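Visitor: Let me give you the structure first, and then I'll get to my questions.
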Amino acid sequence: SSLTGHRGNIHFISEIHSNISSIVNSKVSLMLSLGSDNMKVWDISKMKCVSDISYNSPNNNLLSKAVWLMNSSNFITSSTLGQIKLWTNPNNDNDWKSQDLTSHTQGCTDLMTTNSYIASSSKSGQILRWNFI
């Protein structure tokens with residue numbers, strides 16, 4: 001089976017996040033994919049896009065990675081220019097909101113979450129860590 005939905009390049013897919021109930025009101029396994037001008041949330045079991053999230057990428061600031069927050073339908077993204085954002089869907093209506101968390105001085109190289117922390121690294125050698133939201 002295959003998923004089709006982005007126009008052009010897909011440059012990242014996330015880990016599959018299982019047993020999320022808040023987006024589609026049932027237990028599902030979700031995956032994120034990042035393209036050059038949008039993100040998609042996929043229900044892997046149904047092979048269906050459940051959310052298409054457009055974002056503005058000024059100065060070629062592409063999203064480089066996305067990771068799910070533990071036990072949540074929210075996720076974090078990093079960008080090629082160093083921005084870290086939290087994405088939430090407060091009303092479970094696919095109206096995703098982004099919030100700037102921080103910014104590196106250079107592009108992000110990695111991003112991770114645990115039950116307690118969010119951490120990101122950058123090309124400058126800097127690692128940022130903050131408590132789980």
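Visitor: Round to a whole number: what % of the accessible area of the chain belongs to carbon and sulfur, probe 1.4 Å?
Guide: 44 percent
Visitor: Quickly work out the N131-to-M70 label distance, labels modelled 7 Å from Cα along the C-beta direction, and quote it in nm with one decimal.
Guide: 1.5 nm
Visitor: Oh, and also: Averaged per residue, what accessible surface does segment 10-131 expose to a 1.4 Å probe, in Å²?
Guide: Dividing the accessible area of segment 10-131 by its residue count gives 51 Å².
Visitor: Provide, as a two-decimal number, the C-alpha radius of gyration of the chain over 2.2 N^0.38 Å, N being how many residues it has.
Guide: Rounded to two decimals, the normalised Rg is 1.01.
Visitor: Further question on the same structure: Restricting to Cα pairs below 8 Å that are 6+ residues apart, what does the relative contact order work out to for segment 10-131? Please round to a whole percent.
Guide: Reported relative contact order: 16 percent.
Visitor: Given the chain, what count of lysine pairs have C-alpha atoms under 24 Å apart, with each pair 8 or more places apart or on different chains?
Guide: Taking the Cα cut-off of 24 Å, the pair count is 16.
Visitor: Along Cα→Cβ, 7 Å out, is where each label goes; now give me the distance between the ones at T102 and F12 in nm to one decimal.
Guide: 1.6 nm
Visitor: N92 versus D110, label points 7 Å from Cα toward the beta carbon: distance in nm?
Guide: That separation, rounded to one decimal, is 3.5 nm.
The values are calculated or read from the model by the stated rules, or taken from the named source; none is laboratory data. From a predicted model like this one, the values you see are computed outputs, not experimental measurements. Cβ coordinates were reconstructed from backbone atoms using ideal geometry, including for glycine residues, and neighbour counts include every protein chain displayed. Keep in mind that these areas ignore ligands, DNA and RNA; they rest on the heavy atoms of the full protein, side chains included. Shrake-Rupley method; radii C 1.70, N 1.55, O 1.52, S 1.80 Å.
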